[in-house]
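S.K.: I have a structure here, written as structure tokens, and I will follow up with some questions on it.
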Amino acid sequence: MKKILCTALSALMLAPLCAFDWGGKLNTTTKYQGKKFGSLFWYESAGTHAWLTTPIGERLRFAADASYEFRYDQDGDIVKNIIDINLLKLTGTFHVGKTGMFEFGAGRFSLSDATGIIFSQISDGIYAKYSLPVASVSIYGSTTRLLNSHDVVILRRFSDTTVKTEDASTVYVFGPSYIPLGFSVNIPSAFLNQDITIEEWTCIDFSGDAYHRLYGTLMLSGPILSNLFYAASTTFGTENVSTISNLTKLSLSFYPIKKASVGFSGVYASGSNGALDPFRGFSSQTAVLASETAGFSTEYDSKIKAMLSGSYTFLSKVYVSSSLALVFACPETVSYNGFQWRLDAIWNIFHDLQISAGMYQYIGKDNENDKICCSFGGTFVF
């Protein structure tokens, strides 16, 4: 990693100043959230980003993004000042023969698995992809040790997944040590204009938890009609090669008119169901907009979720989206847990100024997991 960073910085110093593109962003978010309207807690976030990008020759490009963020949570009276490097990446693209293409990326950057649930985060690593018209193959390897745990939460077995209270005042808290490795094969238009994706992820634990994880995914995706698309995937995972769990996901996207979309998605994350064990991904992902309790987390584990969503863009400036979802818990048997709704709006006042507002609510069957949140935000880009 040190060699990669040194190479990137050396190449950057040699790049002509006129090729630099740089900018920044100021953003703020205010939330009022809690179990019910009468007992809402104030949450505030304000931050700034600075970024730059520059070509290096004809085939290479360097990009970086750094940020500072202030966070205050009235629930616990927690104050955080966070400094992070969100992007530090050298990329390259090379033609191989008449139809081949080789791409690589090295440094710190964001990457997601095919499902968007198992692995979806920034990491420090190397990515390579070789593409032909009939198929593409990609590999990925990284380390999580240098990540800031304020911003990247990795699901662990024994240790707490969040930053400890005593470390909240520290601007940079190093993450647990894992080595995620990924391998993917994509076959576009394999049959009837349908794509096939096969992925394998291995997450090797060097943090002391002895919590090694392996996932294998098969995905089919493509058009059903000219304005109706689908993606269906199933993943089998294992922990320390001693359990078998399953994550199955189906999504439909329908575009009835211009600037409008309607979607449906269903997700099953196994519990102790028959021969299956509870599923757990690698990156923390919010599955439901609920309050956590001892027997119910907001992650994709032991749950079934069916969601209907829609969006529309007014006058090319105002984007409105909404969703409704039913949530079932399935630790051993399937039982109804709750219902959630969400409404968001984004107004692009100018090309560099944006304001947003949103509201969501989770209504649990026994009120223990109830949650309501109202949020307001603004972003200025320069």
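S.K.: Looking at (1) loosely packed, with under 13 Cβ neighbours inside 10 Å; (2) in a strand (DSSP E or B); (3) basic (Lys, Arg), which one does ARG61 not meet, given that it meets all the others?
M.R.: Tallying (1) loosely packed, with under 13 Cβ neighbours inside 10 Å; (2) in a strand (DSSP E or B); (3) basic (Lys, Arg), ARG61 fails exactly one: (1).
S.K.: So which pairs qualify, if the first residue must be in the stretch 237-263 and within 20 Å of TYR319 (Cα to Cα), the second must be assigned to a strand (DSSP E or B) and β-branched (Val, Ile, Thr), the Cβ gap must be under 7 Å, and the two must be at least 6 apart or on different chains?
M.R.: Pairs that qualify, where the first residue is within 20 Å of TYR319 (Cα to Cα) and the partner is assigned to a strand (DSSP E or B) and β-branched (Val, Ile, Thr), are PHE254/VAL262; PRO256/VAL262; LYS259/THR313.
S.K.: Answer yes if at least one residue in the stretch 35-56 is buried (at least 19 other Cβ atoms within 10 Å of the Cβ), of a type in the set (S, T, N, Q) and touching a Gly at 6+ places or on another chain (Cβ under 8 Å), and no otherwise.
M.R.: no
S.K.: What do you reckon, is SER123 under 30 Å from LEU250 (Cβ atoms), under 23 Å from the mean Cα position of the chain (by Cα), surrounded by fewer than 18 Cβ atoms within 10 Å (Cβ to Cβ) and not β-branched (Val, Ile, Thr)? If you could, list the steps in order and put the result at the bottom.
M.R.: Values: under 30 Å from LEU250 (Cβ atoms): yes; under 23 Å from the mean Cα position of the chain (by Cα): yes; surrounded by fewer than 18 Cβ atoms within 10 Å (Cβ to Cβ): no; not β-branched (Val, Ile, Thr): yes.
The answer is no for SER123.
S.K.: Here's a follow-up. For ASN348, state whether it is farther than 22 Å from ASN27 by Cα, out of contact with any Gly (no Cβ under 8 Å at 6 or more places or on another chain) and surrounded by fewer than 18 Cβ atoms within 10 Å (Cβ to Cβ). Outline the logic, then answer.
M.R.: Values: farther than 22 Å from ASN27 by Cα: no; out of contact with any Gly (no Cβ under 8 Å at 6 or more places or on another chain): yes; surrounded by fewer than 18 Cβ atoms within 10 Å (Cβ to Cβ): yes.
Against the criterion (farther than 22 Å from ASN27 by Cα, out of contact with any Gly (no Cβ under 8 Å at 6 or more places or on another chain) and surrounded by fewer than 18 Cβ atoms within 10 Å (Cβ to Cβ)), ASN348 does not qualify.
S.K.: Farther than 28 Å from GLY175 by Cα and touching a Lys or Arg at 6+ places or on another chain (Cβ under 9 Å), is that true of PHE282? So that I can check it myself, show each step before the final result.
M.R.: Working: farther than 28 Å from GLY175 by Cα: no; touching a Lys or Arg at 6+ places or on another chain (Cβ under 9 Å): yes.
Judged against the criteria, PHE282 is not a match.
S.K.: State all residues of the stretch 86-120 that are buried (at least 22 other Cβ atoms within 10 Å of the Cβ) and closer than 23 Å to VAL267 by Cβ; if no residue qualifies, say none.
M.R.: Across the stretch 86-120, the qualifying residues are ASP113, ALA114, THR115, ILE117, ILE118, PHE119.
S.K.: Something else now. Only one residue in THR286, THR248, THR235 is of a type outside the set (Gly, Ala, Ser), under 19 Å from MET307 (Cβ atoms) and out of contact with any strand residue (DSSP E or B) (no Cβ under 9 Å at 6 or more places or on another chain), so which one is that? Before you say what the answer is, go through the steps one by one.
M.R.: Numbers: THR248 fails: out of contact with any strand residue (DSSP E or B) (no Cβ under 9 Å at 6 or more places or on another chain); THR235 fails: out of contact with any strand residue (DSSP E or B) (no Cβ under 9 Å at 6 or more places or on another chain).
Just a single option satisfies the conditions, and that option is THR286.
S.K.: Being under 21 Å from HIS212 (Cβ atoms) and of a type in the set (A, V, I, L, M) is the filter; apply it to the stretch 228-248 and report the residue that is farthest from the chain's Cα centre (by Cα).
M.R.: If we filter the stretch 228-248 for residues that are under 21 Å from HIS212 (Cβ atoms), which is where we start, we get 235-247.
From what is left, the residues that are of a type in the set (A, V, I, L, M) are 241, 244, 247.
Values: VAL241: 26, ILE244: 24, LEU247: 16 Å.
Restricting to residues being under 21 Å from HIS212 (Cβ atoms) and of a type in the set (A, V, I, L, M), the top hit is VAL241.
S.K.: Quick check on this structure: which one of THR217, THR170, THR235 is over 14 Å from SER283 (Cα atoms), surrounded by 15 or more Cβ atoms within 10 Å (Cβ to Cβ) and in contact with a Phe, Trp or Tyr (Cβ under 6 Å, 6 or more places away or on another chain)? If you could, list the steps in order and put the result at the bottom.
M.R.: Working: THR217 fails: in contact with a Phe, Trp or Tyr (Cβ under 6 Å, 6 or more places away or on another chain); THR170 fails: in contact with a Phe, Trp or Tyr (Cβ under 6 Å, 6 or more places away or on another chain).
Just one listed residue meets the conditions, THR235.
S.K.: Having 3 or more residues that are more than 30 Å from ALA50 (Cα to Cα), among the aliphatic types (A, V, I, L, M) and touching a residue at least 40 places away in the same chain (Cβ under 8 Å) is the bar; report the strands (runs of 3 or more DSSP E) wholly within the stretch 274-382 that clear it.
M.R.: Details: elements: 303-314, 318-329, 335-350, 353-364, 371-381.
Strands (runs of 3 or more DSSP E) meeting the threshold: 303-314.
S.K.: Sticking with this one: Take ALA345 and tell me if it is at pLDDT 95 or above and over 30 Å from ASN246 (Cβ atoms). Please lay out each step first, then the result.
M.R.: Values: at pLDDT 95 or above: yes; over 30 Å from ASN246 (Cβ atoms): yes.
The answer is yes for ALA345.
S.K.: Also, quick follow-up: Looking only at the stretch 50-81, which residues are under 23 Å from SER142 (Cα atoms) and either in contact (Cβ under 8 Å) with a residue 40 or more places away in the chain or among the polar types (S, T, N, Q) (or both)?
M.R.: THR53, LEU60, PHE62, SER67
S.K.: Return a yes/no flag: does the stretch 191-198 have any residue that is closer than 26 Å to TYR127 by Cβ, of a type in the set (D, E, K, R) and in contact with a Ser or Thr (Cβ under 7 Å, 6 or more places away or on another chain).
M.R.: First pass over the stretch 191-198, keeping only residues closer than 26 Å to TYR127 by Cβ: 194-198.
After this cut, where a residue has to be of a type in the set (D, E, K, R) as well, the list is 195.
Right, trim to in contact with a Ser or Thr (Cβ under 7 Å, 6 or more places away or on another chain) and you get 195.
Yes; the residues of the stretch 191-198 include at least one that is closer than 26 Å to TYR127 by Cβ, of a type in the set (D, E, K, R) and in contact with a Ser or Thr (Cβ under 7 Å, 6 or more places away or on another chain).
S.K.: Quick one: would you say SER251 is modelled with pLDDT of 95 or more and over 18 Å from the mean Cα position of the chain (by Cα)?
M.R.: No, not satisfied.
S.K.: Looking at the stretch 92-103, can you tell me whether even one residue there is in a loop (DSSP other than H, G, I, E, B) and touching a residue at least 40 places away in the same chain (Cβ under 8 Å)? So that I can check it myself, show each step before the final result.
M.R.: So the first thing to find is which residues in the stretch 92-103 are in a loop (DSSP other than H, G, I, E, B), and the list is 97-99.
When the remaining residues are screened for being touching a residue at least 40 places away in the same chain (Cβ under 8 Å), the result is none.
No - not one qualifying residue is present in the stretch 92-103.
S.K.: So which residues in the stretch 104-151 are hydroxyl-bearing (Ser, Thr, Tyr), part of a strand (DSSP E or B) and within 22 Å of ASP205 (Cα to Cα)? Even if it seems obvious, please write down each step before you answer.
M.R.: Taking the stretch 104-151 as the starting set, the residues that turn out to be hydroxyl-bearing (Ser, Thr, Tyr) are 110, 112, 115, 120, 123, 127, 130-131, 136, 138, 140, 142-144, 149.
If we keep only those that are part of a strand (DSSP E or B) as well, we get 110, 112, 120, 123, 127, 130-131, 136, 138, 140, 142-143.
Residues satisfying the conditions are SER110, SER112, SER120, SER123, TYR127, TYR140, SER142, THR143.
The values are calculated or read from the model by the stated rules, or taken from the named source; none is laboratory data. All figures in this text were calculated on a predicted structure; none of them were measured in a lab. Note that we place each Cβ from the backbone using ideal geometry, even for glycine, and neighbour counts take in every protein chain shown.
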